[in-house]
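Here's the structure we're looking at; comments come further down.
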Amino acid sequence: MKLNFDMLTKGLLFVGILLMSQTLLAQRDISGQITDAETGEPLIGANILIVGTSTGTITDFDGNYAMTLPEGTTDLEVSYTGYASKRVTVGSESVLNIQLSAGEVLDEVVVIGYGSVKKDDATGSVNAISDEDFNKGVIVSPDQLITGKVAGVQVSKNSGEPGGGTSIRIRGGTSINAGNEPLFVIDGVPIDNNGNPGTRNPLNFINPNDIATFTVLKDASATAIYGSRGANGVIIITTKRGKAGSPSRLTYDGSYTTSNIIDDLPILSTEAFRNLVTFVAPERLERLGSASTNWFDEVTRPATGQNHNLSFTGGAENIGYRVSVGYQGLEGVIKTSKTERTTIGLNYNHSLLDETLNININLKGAFTKDRFDQGLGASWYFDPTQPVYDPSNTAFGGFFEYGVGLAPRNPVSGIEQIDATGRSFRTLGNIEFEYKMDELIQGLSAKLNLGYDANNGRAATFTPTTYRNKLVSDRDGEIYMENFTRTSSLLDAYLNYKRSFGVHDLDITAGYSYQDFDAEFPQFLAYDLSNDIFGTNSTNPASEFEASNFVVQNRLISFFGRINYGINSKYLFTATLRRDGSTRFGPENRWGLFPSAAFAWRILEEDFADGLRGVFSDLKLRVGYGITGNQEIGDFNYLPRYSLSDAQARYLFGNQYITTVRPDAYDAGLKWEETASLNVGLDFGFGNGRFSGILDYYNKRTNDLLFTVNVPAGTNLSDRVLTNIGEVENEGVELTLNAIAVDSRDFKWDLSGNIAYNRNQILAIDQTSDAGILTGGIAGGVGNNVQILRVGQPAYSFFLFEHKLDANGLPLVDGIDHNDDGTINLADIYEDTNGDGMVNDLDKRPIEKPAPDFIFGLTSAMSYKGFDLSFTLRGSLGNYVYNNSSSDGGYLNRVNERGDIFLNNVHESALVTRFNGPQYFSDYYLEDGSFLRLDNITLGYNFNNLGGRTNLRVYATANNLFLLTNYTGLDPEVGGIDNNPYPRSRSLVFGLTLGL
Amino acid sequence: MNKLFKYGMVLALFAATACTDLDLSPKSTTTADVLFQDESAYRAFLARVYSGLAVTGQAGPAGAADISSLDEGFSNYLRQYWQFQELTTDEAVIAWGDEGLGDLHNHNWTDANQFVRAIYYRIFFQVSMANEFLRETTEEKLDSRGVSDATRGDIQAYRAEARFLRALSYWHGIDLLGNIPFYTEEQAIGSDAPRQATREEVFNFLDSELQAIESDIVAAGQNEYGRADRAALWMLQAKLYLNAEVYTGTDRYSDAVAATKKVIDSGIYSLEEDYDNLFLTDNDSSPELIFAIPFDGESTQTWGGMTYLIHAPVGGSMDPVDYGINGGWFGLRTTSALVDLFPSESDDIDDRANFYTDGQTKEINSISNFADGYAIVKFQNVSSEGEPGSDLDHGDADFPMFRLGDAYLMYAEAVLRGGSGGDLATAVGYINELRQRAYGDNTGNIAQADLDLDFILDERARELYWEAHRRTDLIRFNQFTENGVWPWKGNVKEGRTTEAFRNLLPIPASEILANPNLSQNQGY
């Protein structure tokens, strides 16, 4: 190890020289002005750092600064957002004016899988969003930070639940059964994003405040390096880290939130309900109570929340660090619902051995606690003439309740009596080693990334004996607890060779990745309680028990490589190849190969483009093609397996209950879903970079679709088997435009907009099927589906009857022989679309689909002196919603459906349609869900002249301030079927950020 | 050298990490190699072939479903078999609005009907389970696993029972659907889609198959409760032969007489003293049961099966406590056509007339209104002593699939239809045994002259209503579609005749698409 010793002595020598040179100089004052090199305008809030220390200052409103240089310091580093940083050495002068150039912006770098690339050199469709562009307001899960910000990326929060789940679609859905969510890679660790009991959204463990950038890899040339997990796009999250040599900085960010319900449910008021009963079911009048209860009001509330984040970041020579702690507590507008999160984040990076060895350590931990509500549930239709409480009804906790199991339960009783909580602790950590081996081969380095992701927690529900449960489930009080442990470990090892030979730039990466996923789900149910004293803390009061455990494991082993080759930064080539091995497939299909190739041409670098250079500041054409995969299916579906029955599914032989074994259906030939995609894009900028844009066209064709299909009886062990069948195509265009609309000394205005069009179509399901597969279960009846997967149609097309309309455009009422054929049947109200003379299932037609044709977002950021105002508008066009709340509750007989036991309130639509019975399959309930929403608007003020490096910003944000839509339900953003979701709220956030 | 060594180490470390082991084994499920090391697994597997009649998945009452084309609670074998045998007839109507459910009584089901799908896939799930059992218990497999002689002895009977269960489901298959896909253990998993066999082909297979296993199956009355014995096999033979004319065009009444005679003459079975006790939680001890599907409130739970049969008929002013349940489901009632077969609306004359009339109307104005039509109190979750079952959700009573009363009636019918080997006097005697039990004395007895086919059909309704026989009986008597009218048949209040093609159900649309070898039944 002589070499190490050499290095050590060299290092010591270096430090010695530094020390000597520094002792030559003494402490002195310095001041000056920082201006724009071109316009001469002062730069407000520019950072000035004394190199080698953690102290510095920022410029005031006139761009002036003043500070004291400690003994031994000579260099200043001046930085300003959007300008190239500059390092200047202070001579003997006491006034030093410095000019920064906007044109000399440092090469922007974007992260891609297993590496990074200069933005100008990127060949794929890659969009990076950094923290200053993130969405503001009430945000629990990090994906909401980029809602509406990236063309072709649809982030939908499908309910208003605090911390509730989101669905993310990048360029439409490529799959039916194998999942459509993108892969999340956090600091190099691909994470398991499956839901867990007791948590609302697995992504909630990341504090949005700790995130530095989001990078969305959209096309196959970018995602193919993630092979079998790249088909739905990849989102790479990089968390904030400390920078070597940077001054230490303490930042506090805190906010307080109030949220309110926006709309009431569209159900009848007490008075209207009484009138309706009188009209429809006069014989039931004696069932009416004397109270007037607004059940929706009884179960909802204005909610509050708070958010506190404290971070400390800094650096020393060769060392950077960041420590953060955060707390967020957010109530939901349905009573008792709540989510809480406490996070810690650590980053430590260190350059050793003459900067040949870089070590970067990230550690994140989050403790989340959730309290779950019972949903709006029965509050929609519970008889408004009944009281909330009935003190005489002690058996049911003093709540008003019906004595029959079929009757709905008092909605307030569930909210007040059932204690349903969840908690989880998740920690994600990784340590990266980068070792530069220039000594051996110039440009060669090795990287090792070791990571882990551990997540465990539980859901616990306590239902006391006083809850009206026994009539429904024959369990007199119950304790249910569901635990989970998920762990994953990762090892990535790869070599990188990066070197330029004249005009040739070469960047080669090749490596190996191993990731193992384990999960365990033990649970128990204890019921028939002797008392309610202990809640979930003791099962001793229980007399009956059921328990289960389930353990799963899967592993992914990969080899990957990438070559980036550039000629004169004019012609850029990228080729990637990944070979993935997964335990989810049988030995014959275990290994898959995922290649991609891309080419980019920076046209302005061409001689012939001289003329264009006056107009454009950037012009790049990109073409990429690649194959990616999807393997998000359960484990061992390829293997003949036996599952055992539980204690409740045994069978009697003689006097012994036998635990049975069942051979499960399987497809030995199961393999990856493969998506071949083509991307053609154009990056452009003009007005010296003041306007820029990206235009992309893509076509994605997914083959060997993993699909659960009906198989011929006798060919397998169940009616349906997960197998590779079918094809789906997504095709679309995306446009992003950015503009610096105004850029004057006091007033700045940045605008950024994006719009994306996507067309999805099922090309094949199997050779014979043209009928399609019904899906989209609704509330109302059992087994009723309103959507279909059919060849030639978009996935999840609605599948409904065409309702005949009367002269006023209203749907014909049921129960009348409109066509005078002597019988009352479906033909009276629905169109005989196939003309066979009768109306039955064959007359249903695929109509519209839940996915939008267009999604768009507009972000505006303005600043005037210390004030800033920003907002994000977002919307979609052509997305349809089946109004299930209306179809399930909007018919007159609903009042009296079980009138012998109880009365139901009805949806207001019943007063319009006058339907007597439910018309679940009427296209009347299909509505255009196009919308425009003001997601957030923020007004802030920066106090810049507080002295030193102190800065303070106060702000107010309003979330969900308005929603423009023709949809008649509460909110069209529900994922296609509007079925009693958690209502969204309007929130107001007040906060401040203090930096010291 | 040092440099080489150092970087060599780095690269070696890289190479060392490159593990490529992808051979993981499932943890909470297992493979045949592991499972059958324990010889009791054969018994556990056989129990699963049986339990396909009772449960819907490997978790009770629902979970890890066997078939997934529809709601798991709907996918229960007995529930759907019962619904097609009863809801399509004069014996039952149901109030609920689940898609396609009303079509059963209306006689307007299509090949997209989810209940058609349910019974179809259930039948073939059973066939596939039995086939897989037979594949796993071949001599070669048992040899290779070194199975002990004692277990091999048991397995011989197990195999006969698996074949019996396969035959039972194939019988349901040809009875409900006519020409059906046919496959045996010879067709391995993943092989080509099976061909469609004619009703007659399958009938002939069943005829020879049942004879082939007769000697291997445990002797009548000698098997454990819950498992099929030789008498169950005779009952299945009797069912096949009695309906042979429907299935093949050729009658086999003499064979039907012979089969029922074997059951009756075995001397093992006798009539339950009190008719009502046949359908209560302690019916497992009844001397009349020949083959039953056992249910248990704690150990054999489902949302179909007995759970359905004890909850769905309860509603209106009926107090759930009286029936050992936590709440009625306000679903099933009967039509006046069944009521009118009895001498009175109460059980004061005929003990079998278990109608619940309080708050109910005899005639039905609206099927969806539970108060329209008399309710029926038959399957209950209480014992003959009035004690409630072990669980108020899931019932303890077992479903009597084959019982002696049915054997008596089949004997009489087969003789009446000209079957040799029996005589009318004996037949009348059997019928009068049933009627004496019902009337409590001989006031309901009939004379030989009273015994005709119309009487048999009516008596079968009186004795066996709601026991999943009615549709098959009506078809045998040509009263199901073109003839025979009862309230709301064909979706009109007074009832109407319907098209003859509805004597068969359609093969589900999903199956027609999946298996190109199949052709749809005429009319659909």
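Ordering B:Y323, B:I364, B:N515 by Cα displacement along the dipole of chain B toward the positive end leaves B:N515 in first place; charges were set at the Cβ atoms of Lys, Arg (+1) and Asp, Glu (-1). Here, P(r) means the percent of Cα pairs in each 10 Å bin from 0 to the largest distance; for the range B:10-165 it is 9, 28, 24, 17, 12, 6, 2, 1, 0. Between A:E108 and A:F61, what FRET efficiency comes out of the Förster formula 1/(1 + (r/R0)^6) with R0 = 25 Å and r the beta carbon distance, rounded to 0.05? Taking R0 as 25 Å, the efficiency between A:F61 and A:E108 is 0.30. Neighbours of A:D607 by Cβ distance under 12 Å: Lys/Arg scored +1, Asp/Glu scored -1, total -1. Axis angle, to the nearest 10 degrees, between helix A:2-23 and the longest C-alpha principal axis of chain A: 70 degrees. Shielding value for B:121-129 is 4, the average number of Cβ atoms from other chains within 10 Å of each residue's Cβ. For the protein assembly as shown, a simple Cβ point-charge model (Lys and Arg +1, Asp and Glu -1, everything else neutral) yields a dipole of about 6300 debye relative to the Cα centre.
If the Kirkwood radius is taken over C-alpha pairs of the range A:758-906, then at 25 °C and 0.890 mPa s the Stokes-Einstein diffusion coefficient equals 128 µm²/s. The antiparallel fraction among DSSP beta bridges confined to the protein assembly as shown stands at about 95%. The simple spin-label model puts a point 7 Å past each Cα toward its Cβ; for B:F477 and A:N537 those points are separated by 6.7 nm.
The distance separating the Cα centre of the range A:119-142 from that of the range B:332-398 comes to 67 Å.
Apply the Debye scattering formula to the protein assembly as shown, with a single equal point scatterer on each alpha-carbon and no solvent, then give log10 I(q)/I(0) at q = 0.04, 0.06, 0.08 Å⁻¹. Once normalised to I(0) and log-transformed, intensities are -0.32, -0.67, -1.10. With the cut-off at under 16 Å, measuring from each backbone N in the range B:119-154 to a point 7 Å along the Cα-to-Cβ line of B:E224 picks out B:150-154.
Put a dot 7 Å past the Cα of A:F501, heading toward its Cβ, do the same for A:A741, and the two dots end up 5.1 nm apart. This ranking places A:S752, A:S876 by how few other beta-carbon atoms lie within 10 Å of each, fewest first, which gives A:S752, A:S876. How tilted is helix A:270-280 with respect to the longest principal axis of chain A? Cα atoms for both, answer in degrees (0 to 90, nearest 10). Between the helix axis and the principal axis of chain A, the angle is about 40 degrees. Between 0 and 90 degrees, rounded to the nearest ten: what's the tilt of helix B:453-464 against the longest Cα principal axis of chain B? Value to nearest ten degrees: 60. With each label modelled as a point 7 angstrom along the Cα→C-beta vector, the A:T394-B:N204 pair spans 7.6 nm. Only alpha carbons enter this Debye calculation for chain B, each as an equal point scatterer, and the log10 of I(q)/I(0) it gives at q = 0.06, 0.08 Å⁻¹ is -0.30, -0.51.
Kirkwood analysis of the Cα pair distances in the range B:179-220 returns a hydrodynamic radius of 12.0 Å.
Per-residue mean of foreign Cβ neighbours for B:36-48 is 5 (Cβ atoms of other chains, 10 Å radius).
For A:K865, the lysines whose Cα falls under 17 Å of its own Cα, not counting residues fewer than eight places away in the same chain, are A:K748.
Kindly state, to the nearest 0.05, the FRET efficiency for B:V34 paired with A:I563, given R0 = 45 Å and r defined as their beta-carbon distance. After rounding, the FRET efficiency stands at 0.45.
With the convex hull drawn over the C-alpha atoms of the range A:387-484, the volume per residue is 136 Å³. With one equal scatterer per alpha carbon and no solvent term, the Debye-computed log10 I(q)/I(0) for the range B:68-140 at 0.19, 0.25, 0.26 1/Å reads -0.76, -1.14, -1.21. Between the alpha-carbon centres of the range A:197-236 and the range B:122-157 there is a gap of 49 Å. The packing ranking of peptides B:258-264, B:203-209, highest mean first, is B:258-264, B:203-209, where packing means the average number of other beta carbon atoms within 10 angstrom of each residue. Starting from the Cα of B:D282, move 7 Å in the Cα-to-Cβ direction to define the label point; list residues of the range B:364-403 whose amide nitrogen is under 12 Å from there. The answer is B:382-388. Rounded to two decimals, the Cα radius of gyration of the range B:295-396 over 2.2 N^0.38 Å is 1.08. Here's the picture: a label point sits 7 Å out from the Cα of B:F501 along the beta-carbon direction, and within the range B:100-134 the residues with their amide nitrogen under 11 Å of it are B:111.
Working note: 222 nm ellipticity from helices only, DSSP H runs with n ≥ 4, each -39,500 (n - 2.57), summed and divided by the residues of the protein assembly as shown, gives -5500 deg cm²/dmol to the nearest 500. The alpha-carbon of A:K700 sits under 27 angstrom from the alpha-carbons of these lysines, leaving out residues fewer than 8 places away in its chain: A:K118, A:K119, A:K149, A:K157, A:K218, A:K620, A:K671, A:K849. For B:K141, the aspartates and glutamates whose Cα falls under 20 Å of its own Cα, not counting residues fewer than eight places away in the same chain, are A:D664, B:D33, B:D38, B:E39, B:E132, B:D149, B:D154, B:E161, B:E185, B:E186, B:D216. Cα centroids of the range A:801-861 and the range A:529-553: 49 Å apart.
Projecting the Cα atoms of A:G63, A:I334, A:L525 onto the charge dipole of the protein assembly as shown, computed from C-beta unit charges around the Cα centre, puts A:G63 farthest toward the positive end. Between A:A547 and A:L805, the FRET efficiency estimated from the beta carbon spacing at R0 = 35 angstrom works out to 0.05.
The gain in end-to-end length when the A:A956 to A:Y252 segment is fully stretched comes to 251.8 nm, 0.36 nm per residue minus the alpha carbon separation. Between B:A449 and B:E494, the contour length at 0.36 nm per residue exceeds the alpha carbon distance by 13.0 nm.
FYI, it's all coordinate maths here, none of it is from the lab. Keep in mind the model is a prediction, meaning the values are calculated, not measured. Using ideal geometry, Cβ is built from the backbone for each residue, glycine included, and neighbour counts are taken over all protein chains shown.
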